Amino acid sequence: MMSDVLTIQTHAKINLILRVSPPTSEGMHPIGSWMHSIDLSDIISIERIEDSASEFDIRWSDGESVQWEIESDLVYRAHTIFEQHSGESFPVRVRVQKHIPAGGGLGGGSSNAAGVLMALNELSGSRFSEQQLQEMAHEIGSDIPYFIDLESFNTRKPARPAIVSGIGDHIERTQRVDSDITLLIPNFGCPTGLVYRAFDDRSDHAPLDLSEIYQAATSGNLEASSIINDLQEPATNVVPELKVIIQRLQSIDVHPHLSGSGSTLFVIGAMDAITRSRISERIPELRIIETRLV
């Protein structure tokens, strides 16, 4: 008998490469990105209930409720879109324990939404294909389709890395890369819309070339020269505090990369104790998380 309760982990991601094109006439920015899941995750419990309104309880790991309205959370919106496409009510009780920082470019909300869509699909007897779930996901967020990976979900593994292009709707899975990653997380986020607007204001947009992304992703090349993010400079222009943090890190020979539109920074590899100590002394507000690609 199929269980009416699922507990899943939904993993964060980083953009090992992010190239961005100027907006289309519809205002969308075509991208080329090499995305990879990391070993940092939220925990979601989904229980199917009968004859009752759906319930959502979304909290941080310390037990505090999130600071935004539940109706604006991507978990709630994922459930709504699933019901719309199903054509029927699907009442559930959803509990989320969040460990992934919000608004930092790690895709926590997008990963949550994808996990909910795949879990609801499993609880309903797998009525939708992966492509159908990705199309649903794209209706509520351009990063969410990356996390829709039924092959991995069915074995409770994080989404496989992928080259993501177009407006997030073209996804080509690649081999997982094994590497330690150190996250450097400021105590502020970056406003995505303003970062893209600052990108649009630049006049030196290069043509989007996916070949360099394919070369890096298919070879697993994690050399610093291969890790590029077209939004790093716009993000530092929008949020000067981010520029100051990067400059302070560079002064102690730490050269970070930005994930997504920020504000999370990362470096490839584990960090030695001396460097960690220097960062803690000079930038005490910066949270350091040792993790890895998964």
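For segment 180-292, what relative contact order do you get, as a whole percent, if you take Cα pairs closer than 8 Å and at least 6 residues apart?
With pairs under 8 Å counted, the relative contact order is 50 percent.
For the pair L208 and E47, the difference between a 0.36 nm per residue extended length and the Cα-Cα distance amounts to 53.6 nm. Converting phi to 3J(HN,Hα) with the Karplus coefficients 6.51, -1.76 and 1.60 and the offset θ = phi - 60°, segment 203-213 yields 10, 10, 5, 8, x, 6, 10, 6, 4, 5, 6 Hz in sequence order, with x at every glycine or proline. Comparing S280, S54, F199 along the charge dipole axis of the chain, the residue lying farthest to the positive side is S280, per the Cβ-charge model.
3J(HN,Hα) couplings calculated from phi for segment 112-118 with the Karplus curve 6.51 cos²θ - 1.76 cosθ + 1.60 (θ = phi - 60°) are, in sequence order, 4, 4, 5, x, 5, 4, 5 Hz; Gly and Pro show x. Here each label is just a point 7 Å from Cα along the line to Cβ, and for F90 and K243 those points are 4.6 nm apart. Between N221 and A273, the FRET efficiency from the beta-carbon distance, with R0 = 25 Å, is close to 0.35. Relative contact order, whole percent, for the chain stands at 24, derived from Cα pairs under 8 Å and 6 or more residues apart. In segment 120-134, which residues have a backbone nitrogen under 19 Å from the label point lying 7 Å from E172's Cα in the Cα-to-Cβ direction? In segment 120-134, the label zone of E172 (backbone N under 19 Å from the point 7 Å along Cα→Cβ) covers 131. Does anything in segment 64-102 have its amide N under 19 Å from the 7 Å Cα→Cβ label point of E139, and if so which residues? So the set is 71-92. Given (i) 20.0, 64; (ii) 24.3, 80; (iii) 19.1, 60, which label gives Rg and Dmax of the Cα atoms in Å as computed from the coordinates? Correct label, based on the coordinates given: (iii). Panel values: segment 213-294, Kirkwood radius from alpha carbon pairs, Stokes-Einstein at 4 °C and 1.567 mPa s, translational diffusion coefficient 93 µm²/s. A simple rule links phi to the HN-Hα coupling: the Karplus curve 6.51 cos²θ - 1.76 cosθ + 1.60 with θ = phi - 60°, which for segment 80-91 gives 4, 5, 5, 5, 4, 6, 6, x, 7, 6, 9, x Hz, with x for Gly and Pro.
Could you tell me the calculated FRET efficiency between E130 and S25, based on Cβ-Cβ distance and R0 = 22 angstrom, to the nearest 0.05?
0.15
For N229, nonlocal amide neighbours, meaning residues 5 or more places apart or on other chains whose placed amide H falls under 5 Å from its own, are L18. At full extension, S72 and H255 could sit 62.4 nm farther apart than now, given 0.36 nm per residue minus the alpha carbon distance.
Any read-out appearing in this document is the output of simple, stated calculations on the displayed coordinates, not a laboratory observation. Values in this document were obtained by computation on a predicted structure and should not be read as measured data. Don't worry about glycine lacking a Cβ; one is built from the backbone with ideal geometry, like all the others, and counts go over all protein chains shown.
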